[in-house]
Amino acid sequence: MAIQDYLRQRYFPHMWCPGCGHGTILNSLLRAIEELEIEKNDLVITSGIGCSARISGYVDFHSLHTMHGRALPCATGVKLSRPHLNVIVPMGDGDALAIGGNHFIHAARRNIDITAIVMNNRIYGMTGGQFSPLSGPGVNATTAPYKTIDNSFDTVKLAIAAGASFVARSTAYHAQESTDILKKAIQHKGFSVVEILSQCPTHYGRKNKEGDAASMLEFHKKNTARIGSKALEKNPDLTPRGIFVDVDTPEYCAEYEKIIAVASKEKM
Amino acid sequence: MARQKLKEIVIDRSWCKGCGICVHFCPTKVLEIDANEKSVAVRPEDCICCKMCELRCPDLAITVLIDQGEDNEK
């Protein structure tokens, strides 16, 4: 099946700006789903609000376009009532870690079998370029005309500390790597967090003189390195990419099944 | 392994927004942006079928069709 067959083509061309990394991430995600041969009916995409959240409208799977930051609670509900479904939650950086920060850490703590994709473009693109908790210091944004002074979250470290059992990072430039990581994340039993660095040429790129989409992708290429690589050893300032955590810990729906079994016995 | 042979680079012009990612990252400079700000394959004979344009296209507008012979067509 061509990946275009997984799209609701009547909504195309999509509303993302020219060169938006979110389109590339959608591209990588669809390839992962195609390679895993997941049936359209066995997949639920739940999203919140923002540019990233538009994904749920574009894909021809079960989809929920929910409240800002609250995609994970809605996905938790779906997963608990229909544990056999694959649930994927694409979120933006603000959606995941500012508005939905609390939901994010608690979904990770429960280790419920959901794949959370943090599409990190380091800005609130849809609302006009306000800085986000992943912008980091020294960034120009419409709400930081003299540059930001806020430190950023490290999504990977945060997810590991909160208890996610699969944590990885890739970039929109590394499209093939993103597909491979997403495949593993979807197959993983437990809460999977995949941070994919994206680019927003319209708001982040223009304000920070990073040039067009292609030069922003070059930036991803130059400033990241695979964990365990020589490049990262030589220059620890690079952003590490790859799979950081992949462990088997008790999954929430499976544990819940056991509780149901115990409770049902007591009743009889 | 034999070198893959290109059948056609299909570019959906109504989906393409002319961002230039495919043009920038094509290792053999097959693609260009035309006067209508859409990507077009001007040198398909140089294509090595790496599919980097297809994999990175944010508009999902590019499909690289590979000539796979009669018994192996997709």
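The values are calculated or read from the model by the stated rules, or taken from the named source; none is laboratory data. Small disclaimer: the values here were computed from a predicted structure and weren't measured. Note that each Cβ is placed from the backbone with ideal geometry, even for glycine, and that neighbours are counted across all protein chains shown. Ligands, DNA and RNA are excluded from the accessible area calculation, which covers all protein heavy atoms including side chains. Shrake-Rupley method; radii C 1.70, N 1.55, O 1.52, S 1.80 Å.
Relative contact order of chain A, please, whole-number percent, based on alpha carbon pairs below 8 angstrom and at least 6 residues apart.
Values: 557 pairs, mean separation 48.7, N = 268.
Relative contact order comes out at 18 percent.
For A:Thr202, what accessible surface area do you get with a 1.4 Å probe? Give it in Å², rounded to 10.
Surface accessible to solvent at A:Thr202 totals approximately 40 Å².
Sort A:Asp154, A:Asp248 from largest to smallest accessible area, using a 1.4 Å probe on the heavy atoms of the protein chains.
On the way: A:Asp154 55, A:Asp248 140 Å².
Greatest to least solvent exposure: A:Asp248, A:Asp154.
Using θ = phi - 60° and the Karplus relation 6.51 cos²θ - 1.76 cosθ + 1.60, list the HN-Hα couplings for segment A:145-150 in order, rounded to whole Hz, with x at every Gly or Pro.
x, 10, 6, 6, 10, 6
Might you tell me the accessible area per residue for the protein assembly as shown, computed with a 1.4 Å probe and given in Å²?
Working: 16290 Å² over 342 residues.
Value returned for the protein assembly as shown: 48 Å² of accessible area per residue.
Over chain A, with every protein chain in place, what whole percent of the accessible area is carbon and sulfur at 1.4 Å, could you tell me?
Numbers: 6420 of 11890 Å².
Accessible surface attributable to carbon and sulfur in chain A totals 54 percent.
Compute, for A:His65, the solvent-accessible surface of its heavy atoms (probe 1.4 Å) with the complete set of protein chains present, and express it in square angstrom to the nearest 10.
100
How many angstrom lie between the Cα centre of segment A:211-268 and the Cα centre of segment A:138-184?
11
Using θ = phi - 60° and the Karplus relation 6.51 cos²θ - 1.76 cosθ + 1.60, list the HN-Hα couplings for segment A:42-47 in order, rounded to whole Hz, with x at every Gly or Pro.
So the Karplus estimates, Gly and Pro as x, are 9, 10, 10, 10, 10, 9 Hz.
What is the percent of Cα-Cα separations in segment A:3-267 that go past 34 Å?
Numbers: 5242 of 34980 pairs.
Percentage above 34 Å: 15.
With +1 on the Cβ of every Lys and Arg and -1 on the Cβ of every Asp and Glu, and nothing else charged, how large is the dipole of segment A:3-267 about its Cα centre, in debye rounded to the nearest 20?
Working: 29 positive and 26 negative charges, 92 e Å.
That gives segment A:3-267 a dipole magnitude of about 440 debye.
Taking every residue in B:51-58, how many Cβ atoms of other protein chains lie within 10 Å of its Cβ, on average?
Other-chain Cβ atoms within 10 Å of each residue's Cβ, averaged: 6.
Please name the residues of segment B:1-34 whose accessible area, counted over protein heavy atoms with a 1.4 angstrom probe, falls by no less than 30 Å² between the chain alone and the full protein assembly.
B:Trp15, B:Lys17, B:Cys19, B:Ile21, B:His24, B:Phe25
Can you work out the FRET efficiency for the pair A:Lys157 and A:Arg10, with r the C-beta to C-beta distance and R0 = 45 Å, to the nearest 0.05? Provide the component values of the computation, followed by the final result.
Values: r = 41 Å, r/R0 = 0.91.
Once the sixth-power term is evaluated, E becomes 0.65.
Among A:His22, A:Ile55, A:Gly94, whose Cα lies farthest out toward the positive end of the dipole of segment A:2-154, if unit charges sit on the beta carbon of Lys, Arg (+1) and Asp, Glu (-1)?
Farthest towards the positive end: A:Gly94.
At the nearest 100 Å², what buried accessible area, both sides summed, do you get for B and A when the probe is 1.4 Å? The partial results should precede the final answer.
Working: alone 5380 and 12770 Å², together 16290 Å².
Using a 1.4 Å probe, the pair buries roughly 1900 Å².
What is the set of long-range amide H partners of A:Ile112 at a cut-off below 5 Å, with H atoms built 1.01 Å from backbone N?
Those lying under 5 Å, H to H, from A:Ile112 are A:Phe191, A:Tyr252.
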